[in-house]
Amino acid sequence: AWYQRRVRAGQPMSARFSAAMSKYQEMVKGFPGGIHFNNAVYLSELGKGHRNYAIGYYLKSKGCLGDDVDLKETMELYFQMCSVETSIKTAAVMAGTLANGGRNVFTGDQVLTEKTTLQVLSIMFSCGMYDYSGEWSFNVGLPAKSGVSGLITIVIPDRMGIALWSPPLDSYGNSVRGVQFAQKFVQRFSEGHNQNVLHPFSNKRHSPNQSLPWTWTRSYSTVQQGSKQRDNFKQGVGNCFRRQSSSVLFRNAVRAARFLPK
């Protein structure tokens with residue numbers, strides 16, 4: 001209902017963009033970060049989005065888009081949404097809100113309905129990692145969204161939200177180190193698709209919540225930095241967020257990070 005009223009085609013472009021940004025802000029309300037629009041990125045996307053326009057016109061020719069859809073305006077809105085920037089920790093909070101059933105992990109507000117949250121996680125699971133999504137679902141088995149900036153956000157429903165950032169990309173456009181971390185994470189901990197089935201038969205997997213009986217969804221952020229000139233890869237960890245405190249150093253992500261390749 002919220003989408004139909006404020007974001008769908010037919011509404012003014014400014015209202016559609018403002019509605020989406022407001023929803024993002026609600027997801028991270030209570031955390032001292034921000035979500036911003038990068039106009040330089042938008043102009044770059046706008047000037048190089050020929051393939052996206054081609055796909056849009058193809059879909060319209062097949063009747064997948066209604067006659068009331070202004071394709072040019074819709075594509076511009078899409079490029080604007082692709083030009084939103086934030087910090088790695090704020091991205092982890094957004095993932096944590098999705099893991100918490102659409103409820104803000106700080107304020108407790110129901111930002112997204114449970115139905116919307118389920119739909120978002122389903123899309124993330126099926127196609128959030130570009131053409132690598134099939135292999136990701138097989139090897140990792142968690143809802144995730146990748147970006148060409150090197151960011152990967154991962155959602156473990158009812159557990160935690162994870163944000164990874166490492167700029168070097170693979171041929172699919174996903175972070176090389178981010179994918180490696182996720183694979184190591186599900187191997188080490190009893191998370192991921194059907195991993196809990198194997199857990200009783202293996203003493204090598206552990207719950208990331210072990211010995212940490214917290215009642216609120218954690219938002220973990222692991223910052224991974226690398227460059228062509230410096231391939232030695234430095235890793236850092238952010239904060240674990242819970243209702244009682246917004247700056248609690250967490251140990252489990254450190255435990256997971258130890259298994260990253262040197």
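Among the residues making up the stretch 109-126, a single one is open to solvent by 60 Å² or more (accessible area, probe 1.4 Å), closer than 17 Å to P143 by Cα and either β-branched (V, I, T) or in contact with an Asp or Glu (Cβ under 6 Å, 6 or more places away or on another chain) (or both): I123. Figure legend. Inter-residue proximity from the stretch 64-88: first residues under 14 Å from F17 (Cα atoms), second residues hydroxyl-bearing (S, T, Y) and assigned to a helix (DSSP H, G or I), beta-carbon distance below 8 Å, spacing 6+ or different chains. Indicated pairs: M75/Y53; F79/Y42; Q80/Y42; C82/Y42; S83/Y42; V84/Y24.
How do the strands (runs of 3 or more DSSP E) wholly within the stretch 67-186 filter down when requiring 1 or more residues that are among the aromatic types (F, W, Y): which remain? Full working, then the answer.
On the way: elements: 84-86, 144-146, 151-156, 160-165.
Passing ranges, in order: 160-165.
Can you confirm whether the stretch 91-101 contains a residue that is among the β-branched types (V, I, T), touching a residue at least 24 places away in the same chain (Cβ under 8 Å) and either farther than 27 Å from Q180 by Cα or open to solvent by 40 Å² or more (accessible area, probe 1.4 Å) (or both)? Among the residues of the stretch 91-101, not one is among the β-branched types (V, I, T), touching a residue at least 24 places away in the same chain (Cβ under 8 Å) and either farther than 27 Å from Q180 by Cα or open to solvent by 40 Å² or more (accessible area, probe 1.4 Å) (or both), which makes the answer no.
Applying the criterion of being within 21 Å of the chain's Cα centre (by Cα) and open to solvent by 90 Å² or more (accessible area, probe 1.4 Å) to the residues of the stretch 29-81, the residue that is farthest from T107 (Cα to Cα) is Y78.
The values are calculated or read from the model by the stated rules, or taken from the named source; none is laboratory data. These figures come from a predicted structure and were not determined experimentally. As a convention, Cβ positions derive from the backbone with ideal geometry for all residues, glycine included, and neighbour counts pool all protein chains shown. These area figures cover heavy atoms from the full protein model, side chains too; ligands, DNA and RNA do not enter into them. Shrake-Rupley method; radii C 1.70, N 1.55, O 1.52, S 1.80 Å.
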